[in-house]
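The values are calculated or read from the model by the stated rules, or taken from the named source; none is laboratory data. Quantities reported herein were computed from a predicted structural model and do not represent experimental measurements. When we count neighbours, we look across all protein chains shown, and the Cβ atoms used for this are built from the backbone with ideal geometry, even at glycine. To get the accessible areas, we keep the full protein, side chains included, count just its heavy atoms, and leave off ligands, DNA and RNA. Shrake-Rupley method; radii C 1.70, N 1.55, O 1.52, S 1.80 Å.
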Amino acid sequence: MRIKSQLFVAFLVGFTIFQVGAQSKLSIDLSKRGVNVSPTQSGIFFEDINHAADGGLYAELIRNRSFEDAATPEYWTTITQTGAVATAGIETTNLLNSYQSQALKLKVDLASSSARAGISNPGFWGINVVNGRQYKLSFFAKCDSTFTGSIIASLESTAGVKYSQATITGIGQGWQKYTCTLTATGNDANACFVLSTTSKGTLWFDVVSLFPPTFKNHENGLRPDLAQMLADLKPTFIRFPGGCFIEGDSLANRFQWKKTIGSIETRPGHTNLWGYRTSDGMGFHEFLQLAEDLKAAPLFVVNVGLSHKDNQDYTALGDYVQDALDALEYANGDVTTTYGAKRAANGHPAPFNIKYIEIGNENYFGDNYGNRYIQLYNAIKAKYPEIQCIGNVAAWGTDNPAWTFPYPADLVDEHYYRSPQWFINQYNKYDTYSRTGPKVYAGEYAVTSGCGNGNLSAAIGEAVYMAGMEKNTDIVPMNSYAPIFVNVNDRKWNPDMINFNSDTAYGTPSYYVQKMFANNTGSVTIPVVDSLNTKITPVTGSVGLASWSTQVDYSNVLVKNAGNATVFSDQFTNSANWTPVTGTWSVTDGVYSQTSTTTNCTSIAAVVSDSTYTYSLKARKTGGSEGFQIIFGYKDADNFYWWNIGGWGNTQHAIEQCMSGTKTTLTSVAGSITTNRWYDIRIEVSKTTVLCYLNNVLIHTLDNPVTKKLYTSGTLDETTHQFYLKVINPTSSDVTSSINLAGVSNSLLNGKSTVLTSENVLNENSLSNGKSILPVETTLPSLPKTFESTFKANSVTILQLNTSLIKEK
């Protein structure tokens, strides 16, 4: 059915309706339902990395508020106007309470009304002062008998211009809490906070806290703009508080939830393995409150007695098991229980209703993880059988993780940090997963190479992967991007989907892809039949040789094309045909040797432009811990294939592909090689497959990469009859397609198109231009059930169509 141009031709950003003939066809029958969409499909994962909590989502403005960060008053500066004399240092005796191990001592030897003395704090790379905004100040202080004056609290510019100040009197010789409100009279994103006096004597300070207005006005709450960006994602669950943050660099520095509840002066804080100390102001209760505010199910991750440096013996995990049970009691227990009563005392009598517990974080290969896991699983299920327990599978460096323990798990957590192309290649990853084993929680994933600080290319790769998960929502009922936040002044991990400083925040294209998917989904999947011809990418490029922690010899290198003509040959009378990149390479008696035992030693030879060829040679290991790598399809040092023979400590043979600097194992089998034995190696490359032979035995069969032009996912909301068609075009050219809808009685459809794209796939948003790449929403004209459209190059498109009169199944 053709669209009459005078009625239906429309030109939209990223999505254009045409009357011309289409190059492909997307066929969709809404009467043929797929699987039900998981109600927890799209969630978020929070970890205090990159100052995501302290100095980020947690709204506290004072850095090192309890003076615990170092043996000196780190981030606090002593100020003395001309004529004043004062010194400040750390005090470790006669402290506020047993939770605090340090306080600040300010000794003022000389001060006057024209010569103040005090301490200044810049916050987390500047305190954002906004005209008219009220700031709640609290601190603990005491003085010695020589001090008879007052304390002045102020918000100031770095040059000393005061935006607000208040005078606190009645300072006594015992610890007391003082509070006041500071109302700003100016704007300054780089202001500082000052406590000063014009009187001599000695003062002690502890737990100095300054809060702006918070999200939903909670005490000890969250920064509103950052919290609202989370709310706009409409997450169905939130996983917290990590990540490696759970484990800590040592068990002493792991997250211990019982030390993070109650008033802030009773929270000792701990050293964060991401390179800074955390106050634990954003603690267990605050995470649960955030989940409630976002209407998201809490997913709490517990420690299994493992850290990055030490561990608790798996036969003595009683305290860790009880800690997990107590956490569930705090979150879910009645107010008559021990920890339910503590929750009520902290202002929340109603339960928070944790539904999910993850047992450990990336601990699959940790010391006796299976034996640790089952202890917590059994204890949790015995008391809380409704809780869904999540196990760790292989850490995020593995492409094909599997749950191999003989223990039950409701879900298993997979982590992936890869290149854009890797994620695109995973579109069909979950199609063949077993539907009888544990379900999959894709708990951490993000493009981390070729991504800049979060570019469009990364978002497009992730969108394809997300579409693949959505169409397999029966086996992948939960997923969450990671990490969320980065304070741009302390980027420990890159990229992150929300970037911010003291006063500004913006979302990367990845943030908007997450938002588009979460805000546009139905209740049941609808299969999309794509008649678009796929493109098989031939494996062409240079051939080469390599070794990894191994000394090797190579000889008799030969490359022949499909017609059996020699493309390249070397009997090694010299090394003129080879370009060593790394390692120690030399030729002796017809043998090309690599004698270094360092990793990743490579030498590259001729370019093979043929799409069908056979690459053969002989190889011998002479020393070291692994085998040899045979390079083919080499484009550059970051993009190539190699056959890794005897890799992973001489235990496996595998074909690996390196894309944008990230290696991916495409296929592997168990295997090893023998030192000082010559092996015949043959790699047969055709337009569709790669065959790898060792001593004439076929070891691997690998299909060449298949590139689709469009990647799709369809869902239908059976209540509102809205159909959501997600179409991702990761190519550099526009793609025209017809869209044919069946199973709907409407003669005309209406709806909207939401498109994320940019003229350059490497483009990013920034602090100075946070709206460079945004989804553009356009109302669609009345459409027939068959229409034609063009999807822009490098774009993510969601079509929402009102199909209110749907034929029954």
Report task. First measure r as the distance between the Cβ atoms of Arg133 and Ser531, then evaluate 1/(1 + (r/R0)^6) with R0 = 56 Å and state the FRET efficiency to the nearest 0.05. Result -> 0.45
Requested in this report: Compare Asp680, Asp530 by solvent-accessible area with a 1.4 Å probe and give them largest first, with all protein chains kept in place.
Outcome: Asp680, Asp530
**Report entry** Rounded accessible area of Lys726 (nearest 10 Å², 1.4 Å probe)
**Finding:** 0 Å²
Query raised in the report: Which aspartates and glutamates, on any chain, are close to Lys752 with Cα under 12 Å apart, when same-chain ones fewer than 8 places away are left out?
Result: Glu777
Requested in this report: Along Cα→Cβ, 7 Å out, is where each label goes; now give me the distance between the ones at Thr675 and Asn97 in nm to one decimal.
Outcome: 6.3 nm
Report task. Please report the orientation-averaged projected area of region 70-163, defined via the convex hull of its C-alpha atoms, in nm². Result -> 7.5 nm²
Query - region 241-350: proportion of alpha-carbon pairs further apart than 20 angstrom, % - result: 42 percent
Report summary line: From the Cα centre of region 208-244 to that of region 370-409, the distance in Å is 29 Å
Report task. For the chain, give the percent of accessible area contributed by carbon and sulfur heavy atoms, probe 1.4 Å, rounded to a whole number. Result -> 48 percent
Query raised in the report: To the nearest 0.05, how large is the calculated FRET efficiency for Lys258 and Gln165 if R₀ is 35 Å and r is the Cβ-Cβ distance?
Result: 0.35
Requested in this report: Would you mind checking which residues have amide H under 5 Å from Asp48's amide H? H placed 1.01 Å from N; only 5 or more apart, or other chain.
Outcome: none
Query raised in the report: Simple spin-label model, 7 Å along Cα-to-Cβ: Ser596 to Val776 in nm?
Result: 5.0 nm
Query - ³J(HN,Hα) computed for each position of region 633-639 - Karplus, 6.51 cos²θ - 1.76 cosθ + 1.60, integer Hz, glycine/proline x - result: x, 7, 9, 6, 5, 10, 9
Requested in this report: Just need the relative contact order of region 485-586 here, percent rounded to a whole number, with Cα pairs under 8 Å and 6+ apart.
Outcome: 11 percent
Requested in this report: Pop out the ³J(HN,Hα) list for region 326-338 in order, Karplus 6.51 cos²θ - 1.76 cosθ + 1.60 with θ = phi - 60°, rounded to Hz; leave Gly and Pro as x.
Outcome: 5, 5, 5, 5, 4, 6, 10, x, 5, 5, 7, 7, 4
Query - Three semi-axes of the equivalent ellipsoid, region 395-472, Cα gyration tensor, whole Å, largest first - result: 25, 13, 9
Query raised in the report: What FRET efficiency do you get for Asn371 and Ala606 if R0 is 51 Å and r is their Cβ-Cβ distance, rounded to the nearest 0.05?
Result: 0.45
Report summary line: Residue separation between Thr579 and Ser766 times 0.36 nm, minus their alpha-carbon distance, gives in nm 63.3 nm
Query - Accessible solvent surface per residue of the chain, calculated while the other protein chains remain in place, 1.4 angstrom probe, Å² - result: 38 Å²
Requested in this report: List, in the order given, every pair from Lys342/Lys471; Lys105/Lys216; Lys471/Lys785 whose Cα-Cα distance in the structure shown is over 31 Å.
Outcome: Lys342/Lys471; Lys105/Lys216
Query raised in the report: Could you give the nm distance between label points at Tyr407 and Thr77, where each point is 7 Å from its Cα heading toward the beta carbon?
Result: 5.2 nm
Requested in this report: Rank these by accessible area, largest first, 1.4 Å probe: Glu626, Glu470.
Outcome: Glu626, Glu470
Query - Leading residue at positive end of dipole, region 312-401 (Cβ point charges), from Tyr377, Phe365, Ala394 - result: Tyr377
Query raised in the report: At 222 nm, what helix-only mean residue ellipticity would the chain give, in deg cm²/dmol to the nearest 500, using -39500 (n - 2.57) for each DSSP H run of four or more?
Result: -3500 deg cm²/dmol
Query raised in the report: Between region 96-121 and region 18-88, how many Å separate their Cα centres?
Result: 33 Å
Query raised in the report: If one puts a single equal scatterer on every Cα of region 257-299 and applies the Debye formula without solvent, what log₁₀ I(q)/I(0) results at q = 0.34 Å⁻¹?
Result: -1.07
Query raised in the report: Which one is right for this structure if Kirkwood radius over Cα pairs in Å is calculated from it: (i) 30.0; (ii) 31.0; (iii) 28.7?
Result: (i)
Query raised in the report: For the chain, what is the relative contact order in percent, using Cα pairs closer than 8 Å and at least 6 residues apart in sequence?
Result: 14 percent
Report task. Could you tell me the accessible area of His308 in Å² (1.4 Å probe, neighbours in place), rounded to the nearest ten? Result -> 100 Å²
**Report entry** For region 313-359 and region 456-517, distance of Cα centres in Å
**Finding:** 30 Å
Report task. Provide the gained length on full extension for the span Asn353 to Ala565, in nm with one decimal, where the gain is 0.36 nm per separating residue minus the Cα-Cα distance. Result -> 69.3 nm
Report task. Please give the contour-minus-distance gain from Lys752 to Asp431: 0.36 nm per residue of separation, less the Cα-Cα distance, rounded to one decimal in nm. Result -> 112.6 nm
Query raised in the report: Taking a 1.4 Å probe, which of Arg682, Arg677 shows the most accessible area, and what order do the others take after it?
Result: Arg677, Arg682
**Report entry** region 303-349 - Kirkwood radius from inverse mean 1/r over Cα pairs (Å)
**Finding:** 11.8 Å
**Report entry** Principal axes of region 489-536: Cα extent on each, largest first, Å
**Finding:** 49, 33, 15
Requested in this report: Any chance you could look up the accessible area of Val607 with a 1.4 Å probe, heavy atoms only, rounded to 10 Å²?
Outcome: 100 Å²
Query raised in the report: Percent relative contact order of region 132-178, based on C-alpha pairs within less than 8 angstrom and at least six residues apart?
Result: 48 percent
